[in-house]
C-alpha cells in the first residue's frame, strides 16, 4: 500500500502542474497501434525513463546448407508465410577458400516448413544439377545471384502473378534488376525482358513488396555513395518505377549497409521496419544486423547498436557471417512473439547455417523506467473508447497512465502489473476515453520496474 501511495502522489503531480495539450498541432493517430521505435510521438522522457533497443533471443539452427548445390556462401534468404505453409528461398553457392573461386554456378534453392522450425528441402525435379533433377533448386536463370520472392498482396494482382520476385541480372544479362512472376511459387518466368531498375550496384539482396498503406510497390536495393548504402523507389505496376533516391538518416552517420530486410510491421503497417546489415571492412569484413524504422519509407531512424551481436551463438565473427534474413514470422502456438532468422558460418566451413531468433511482438525497442520514469507524448487525437498497452512489469513494479486534456481535467488509470502484449487499461471511475475521442490529448506513462513497447486505442465492439 505504501508503494501504491507513492505512485498516486506521482500521478497527482499533473493536477498541481497542469500542461497545455494544444501548444502544437496534434498528431492524428486514429486507432492504429503506435510503437516507440523512434521519437515521432515522444515529447519528453523524464526521470530514469529511456528508450532501449532490444536484441532477439537465439534459438535452434533450422537449416544447414550441406547439399552439393548449396555450400558455405549460401545467402540472401527470403522467408514468408503462405497460408499454413512457410516458404524459404535462398542462393545456393560455394566458395573454395584455397583456390579462391566458386565451385559451381549460383542457383536458387527452396525449403518449406509447417512450423517455422523444422524445414525440409523437397526434391522438386525442376532444375538439373550434376546430371540429376533430384534437388531443391527452384530457379537458375537471370537473377540467381540474389533472387528475392514475396507474395503479392495487391488486391488487383492476377493469379498468374501471385508470387513475384526481383533479382540482379548477371553475369551476361544487362545490368539492373529484373522482375519475375509465378502462380505457385515454384515455376518462375520473367515479367519483362529488360531490367526495370538500372541505377544502382545491386550486389546484395534487393527486395520489393506491396505496401498496403500507400497502395504501391516499394523496392529497396543496394548502391554506393562513398559507402555501401540503400536506395528506394515505388511503382504502380511492378514494371515502371519512380526515380530512385537514397534513404536518409537524420543525425546519424553514414555507414556501410548491405542487406536491408525492410517491410511493413505486421501490427503497425504504417511503420516500416528494417534490419540493415552493417559492413565493417576494417574489422575483417565482419557484418552485423542493426535495426531501423520509418514513417514515410525514405527517412529512417537507425539504431547503431547491433541487434544480433557477434557473441550470439555461434560462428558470427568471420567475413560476412552474420546476416539477418528477410522474414518475420508468427509461428503456431507462439502468438506473442515473432521469429526472425540470421545466418552464421559464412565462408568458414563446408556449409553455412540459418538460426532462429525471437522478438516479443512490438518488441524492437522498449521504453524502460526503473524507479521514477515517465514518458509524455506529443499532443494526439485518437479514435476509440478503450486503450491497451504492450508492457512487461516486474514484481513490485507499476505502469500507470495519465490522460491530459486541453480543458484541464486529468484522468489517472488503475495500475498495470504483469506481462502482456495486450493489457487493457482500466480506470478507478468511469472511463474518460469515449468522451475525449477526437479531441487533442496527451498521455503520460509512469514506469517503475517496467518496459513499455506500444499502445493502441480501439473501439469497444
Ascending count of other beta-carbon atoms within 10 Å, so fewest first, for 240, 446: 240, 446
Ranked 153, 277, criterion: other C-beta atoms within 10 Å, fewest first: 153, 277
Spin-label pair residue 213/residue 81, simplified geometry with 7 Å Cα→Cβ offset, distance in nm: 2.0 nm
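Using a Förster radius of 56 Å, what is the FRET efficiency between residue 133 and residue 385 based on their Cβ-Cβ separation? Nearest 0.05, please.
Numbers: r = 60 Å, r/R0 = 1.07.
After rounding, the FRET efficiency stands at 0.40.
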Helical mean residue ellipticity (222 nm; -39500 (n - 2.57) per DSSP H run of 4+; nearest 500) of the chain: -1000 deg cm²/dmol
Pair residue 172, residue 192: separation of 7 Å Cα→Cβ label points (nm): 2.4 nm
FRET efficiency for residue 120 and residue 282, using Cβ-Cβ distance with R0 set to 30 Å, rounded to 0.05: 0.15
Fewest-first sequence of 146, 157 by Cβ atoms within 10 Å of each Cβ: 157, 146
Inter-probe distance in nm under a simple model that places probes 7 Å from Cα toward Cβ, at residue 28 and residue 96: 6.4 nm
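If I take R0 = 45 Å and measure r between the Cβ atoms of residue 371 and residue 330 in this structure, what FRET efficiency does the formula 1/(1 + (r/R0)^6) give, to the nearest 0.05? Walk me through the numbers before you get to the answer.
On the way: r = 35 Å, r/R0 = 0.77.
Using R0 = 45 Å, I get an efficiency of 0.85.
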Structure-derived mean projected area of the Cα convex hull in nm² - corresponding label in (i) 22.5; (ii) 25.1; (iii) 23.8: (iii)
Nearest-ten-degree value, helix 2-16 long axis tilted from longest Cα axis of the chain: 80 degrees
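Read the figures in this text as sums done on the coordinates, not as results from a lab. The structure displayed is predicted, hence computed values, not measured ones. Neighbour counts are summed over all protein chains in view; Cβ atoms, including those assigned to glycine, are modelled from backbone coordinates with ideal geometry.
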